[in-house]
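Comments concern the structure below.
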Amino acid sequence: MRFKIRIIFSIFIFLGAMMKAQNSIQTLEIKDAQIPIIFEYSNLVPTGFIRLSFIGGGSIHDEQNIGLASLGAKLLNEGTKTLGVIHFSEELDKRAINLSAYQGIDTLNIQLNFLKEKQADALKLLSNLLTDPNLTQNTLDKIKQESINKLLAKENDFDYLANNGLSKLLFDGTPLAQIPTKESIQAITLEDIKEYLSKNLTLSRLVVVLGGDMDEHLTMQALRPILAQLKLGEKSDTPHYEANNANTTATLYKQTQQAYIYFGSPFDLTDLKTESYKAKILGFVLGSSGFGSRLMEEVRVKRGLAYSAYMKIHTSKIINYASGYLQTKLESKNEAIDIVRQVIANFVQNGITQEELDSAKQFLLGSQPLLSETISQRLDRKFSDYYLGLPLDFSSQQLEQIKAIKLEEINNYIKSHTELNDLSFSILTAPDNQDNHSPKKTFDSIQTKE
């Protein structure tokens, strides 16, 4: 019996050590660069996942070349100069390998998915792409035209236009307000793309995320000579921006049967580790929980002004802010805007009820397993936590924080965020709806939750 207990105890120690190892950062040293490695082992499916994330390659670093990061990532999806996009794609397809590049706000990413038995082939094709991207004028002309065509197609995408308008209101004077145009895309040259890739595909900016049915150390050994082909380069600084609190409204007129209303405000957050779970509860009750949220209840359920009304709190390294949207009848536009203002003011003034807190806890705690079903989801979360300067197991820590929070604590937090009332509105409406917005109303029509 004692022997069995020792075995069971040893197994738990081993599993604990494995979990600890998978929630720790390893490093791979190449050319004096200490490259962070985020790894998780899983043999549920015989596949592998590798992503190279280069911090500094995102759209906020476009500067005067608006759209440069997007074009740079798209060019990496055009195969190699030697094979061209068609033959390179054929090499991927016949081995069931997926190799794609995309840019985020702050990162340029190259992602590789493959069957376990094709890992060597996948790494070879990755190496080819890194050393011989399809940097030709014909390729650039092709992806520029495709990008321009997509922009032209969005000229009648009213959600897109209204959302861009909100970005310009909230982030005026920052790269977050810069929207690519036909002219900015046309102005980007092949030399600009070459300089962008040379600057960003470097060891100093690299974070490697990998996992699946693979041996971590053998995979890192196989990656070493591939990554050694990259330059050392220089690290990139990640900027931080504050959302504007100007309480401004911008209106765009189009031939439309509905009014598209996008709105947002600053959200002051000092420490992600100690505050983000409170912000998550705040946003859930106010506007991101669908039916049952304050906004949905007042805008749709009680008044039938919109099919959906939504508001979310965004917390990140670069910007913290709140944003929401709704669509309504042209003649209901002013009423809907007034209700949004009233709901938010009432929410900040009075906080939430115990019932709302219990509901938020139940959903947020219960939905966590659904957000971690696949290895790619778990690795994405770990990279995000690493990028934000948080522990790799922060999601688990956050669940404990949500479990423990009391009503008084969350309400004190909500009441401290009066900046949520500094709302800016981006409205797209019909030309014959050019009326002045009515002054702000009192909050008597919104019942305080007891």
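The values are calculated or read from the model by the stated rules, or taken from the named source; none is laboratory data. Just so we're clear, the structure is a prediction, and the values are computed from it rather than from any experiment. In this analysis, Cβ positions are derived from the backbone assuming ideal geometry, glycine residues included, and neighbour counts consider all displayed protein chains.
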Do any residues in region 157-177 that are closer than 19 Å to Asp62 by Cβ have Cβ atoms under 8 Å from those of residues that are buried (at least 17 other Cβ atoms within 10 Å of the Cβ) and among the acidic types (Asp, Glu), where the two are at least six apart or on different chains, and which pairs are they?
-> Pro175/Asp62
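Could you please let me know if Tyr277 is in the same structural domain as Ala360 (by TED's automatic domain parsing), farther than 30 Å from Leu161 by Cα and aromatic (Phe, Trp, Tyr)? So that I can check it myself, show each step before the final result.
Details: in the same structural domain as Ala360 (by TED's automatic domain parsing): yes; farther than 30 Å from Leu161 by Cα: yes; aromatic (Phe, Trp, Tyr): yes.
It is true that Tyr277 is in the same structural domain as Ala360 (by TED's automatic domain parsing), farther than 30 Å from Leu161 by Cα and aromatic (Phe, Trp, Tyr).
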Of the conditions (1) assigned by TED's automatic domain parsing to the domain that holds Ile105; (2) in contact with an Asp or Glu (Cβ under 6 Å, 6 or more places away or on another chain); (3) among the β-branched types (Val, Ile, Thr), the single one that Val285 does not satisfy is (1)
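Residue check: is Asn138 surrounded by fewer than 13 Cβ atoms within 10 Å (Cβ to Cβ) and of a type outside the set (D, E, K, R)?
Numbers: surrounded by fewer than 13 Cβ atoms within 10 Å (Cβ to Cβ): yes; of a type outside the set (D, E, K, R): yes.
So Asn138 passes the test.
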In region 291-315, anything over 22 Å from Asn421 (Cβ atoms) and either touching a residue at least 12 places away in the same chain (Cβ under 8 Å) or not assigned by TED's automatic domain parsing to the domain that holds Ile402 (or both) is listed as Gly292, Tyr307, Ser308
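Mind listing just one residue for me: the one in region 298-320 that is assigned to a helix (DSSP H, G or I) and touching a Phe, Trp or Tyr at 6+ places or on another chain (Cβ under 8 Å) and, of those, surrounded by the fewest Cβ atoms within 10 Å (Cβ to Cβ)? Quick ask: steps written out before the conclusion?
Going through region 298-320, the residues assigned to a helix (DSSP H, G or I) turn out to be 298-301.
Still in the list and also touching a Phe, Trp or Tyr at 6+ places or on another chain (Cβ under 8 Å): 300-301.
Numbers: Arg300: 18, Val301: 12.
Top of the filtered list is Val301.
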Within region 124-156, residues closer than 23 Å to Ile50 by Cβ and basic (Lys, Arg) come out as Lys124
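Which residue, of Glu356, Glu400, is in a helix (DSSP H, G or I), closer than 22 Å to Leu282 by Cβ and free of Cβ contacts under 8 Å to residues at least 60 places away in the same chain? Write out each step before concluding.
On the way: Glu356 fails: free of Cβ contacts under 8 Å to residues at least 60 places away in the same chain.
Selected residue: Glu400, the only one of Glu356, Glu400 that is in a helix (DSSP H, G or I), closer than 22 Å to Leu282 by Cβ and free of Cβ contacts under 8 Å to residues at least 60 places away in the same chain.
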Show the residue pairs that are 6+ apart or on different chains and have beta-carbon atoms under 9 Å apart, the first residue being within region 115-144 and under 19 Å from Pro46 (Cβ atoms) and in the same structural domain as Phe54 (by TED's automatic domain parsing), the second being of a type in the set (Gly, Ala, Ser) and assigned to a strand (DSSP E or B).
-> Leu115/Gly48; Lys116/Gly48; Lys116/Gly212; Lys118/Gly48; Gln119/Gly48; Ala122/Gly48
Could you list all residues from region 321-336 that are of a type outside the set (Asp, Glu) and either out of contact with any strand residue (DSSP E or B) (no Cβ under 6 Å at 6 or more places or on another chain) or surrounded by fewer than 17 Cβ atoms within 10 Å (Cβ to Cβ) (or both)?
-> Lys329, Leu330, Ser332, Asn334
Got a sec? Which of Ala222, Ala153 is of a type in the set (Gly, Ala, Ser) and touching a residue at least 24 places away in the same chain (Cβ under 8 Å)?
-> Ala222
Region 410-434, subset part of a helix (DSSP H, G or I) and surrounded by 15 or more Cβ atoms within 10 Å (Cβ to Cβ), residue modelled with the lowest pLDDT = Asn433
Just give me the residues in region 212-236 being basic (Lys, Arg) and closer than 27 Å to Asp62 by Cα, in sequence order.
-> Lys231, Lys235
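Can you pull out every residue in region 368-394 that is within 18 Å of Val207 (Cβ to Cβ), in contact with a helix residue (DSSP H, G or I) (Cβ under 7 Å, 6 or more places away or on another chain) and touching a residue at least 24 places away in the same chain (Cβ under 8 Å)?
Step one: of region 368-394, the residues within 18 Å of Val207 (Cβ to Cβ) are 375-394.
Narrowing further to those that are in contact with a helix residue (DSSP H, G or I) (Cβ under 7 Å, 6 or more places away or on another chain): 377-378, 381, 385, 388, 390-392, 394.
Once the filter is applied, which keeps residues that are within 18 Å of Val207 (Cβ to Cβ), in contact with a helix residue (DSSP H, G or I) (Cβ under 7 Å, 6 or more places away or on another chain) and touching a residue at least 24 places away in the same chain (Cβ under 8 Å), region 368-394 yields Arg378, Leu388, Leu390, Pro391, Leu392, Phe394.
In the set Leu99, Leu108, which member is of a type in the set (A, V, I, L, M), outside the structural domain of Ile427 (by TED's automatic domain parsing) and out of contact with any Gly (no Cβ under 8 Å at 6 or more places or on another chain)? Break it down stepwise before answering.
Working: Leu108 fails: out of contact with any Gly (no Cβ under 8 Å at 6 or more places or on another chain).
Going through Leu99, Leu108 in turn, the sole match is Leu99.
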For region 187-207, state whether one or more residues are more than 25 Å from the chain's Cα centre (by Cα), within 22 Å of Asn77 (Cα to Cα) and in a loop (DSSP other than H, G, I, E, B).
-> yes
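Of these, Leu407, Leu357, Leu365, Leu399, which one is crowded, with 16+ Cβ neighbours inside 10 Å and not aromatic (Phe, Trp, Tyr)? Step through it out loud before you land on a result.
Values: Leu407 fails: crowded, with 16+ Cβ neighbours inside 10 Å; Leu365 fails: crowded, with 16+ Cβ neighbours inside 10 Å; Leu399 fails: crowded, with 16+ Cβ neighbours inside 10 Å.
That would be Leu357, the only listed residue that is crowded, with 16+ Cβ neighbours inside 10 Å and not aromatic (Phe, Trp, Tyr).
Quick one: in region 250-279, which of the residues that are β-branched (Val, Ile, Thr) and out of contact with any Leu (no Cβ under 8 Å at 6 or more places or on another chain) is nearest to Asp159 (Cα to Cα)?
If we take residues in region 250-279 being β-branched (Val, Ile, Thr) and out of contact with any Leu (no Cβ under 8 Å at 6 or more places or on another chain), then Thr270 is nearest to Asp159 (Cα to Cα).
Filter region 157-178 for residues that are of a type outside the set (Ser, Thr, Tyr) and in contact with a Lys or Arg (Cβ under 8 Å, 6 or more places away or on another chain); which is surrounded by the fewest Cβ atoms within 10 Å (Cβ to Cβ)? Please lay out each step first, then the result.
Going residue by residue through region 157-178, those that are of a type outside the set (Ser, Thr, Tyr) are 157-159, 161-166, 168-173, 175-178.
If we keep only those that are in contact with a Lys or Arg (Cβ under 8 Å, 6 or more places away or on another chain) too, we end up with 158, 161, 177.
Working: Phe158: 19, Leu161: 18, Ala177: 16.
Per the criteria, the residue is Ala177.
Considering each residue of region 23-53, count those that are among the basic types (Lys, Arg) and over 27 Å from Gln397 (Cα atoms), and give that number. Spell out the reasoning first.
Within region 23-53, the first condition is being among the basic types (Lys, Arg), and the residues that meet it are 31, 51.
Cutting the leftovers down to over 27 Å from Gln397 (Cα atoms) gives us 31.
The total comes to 1.
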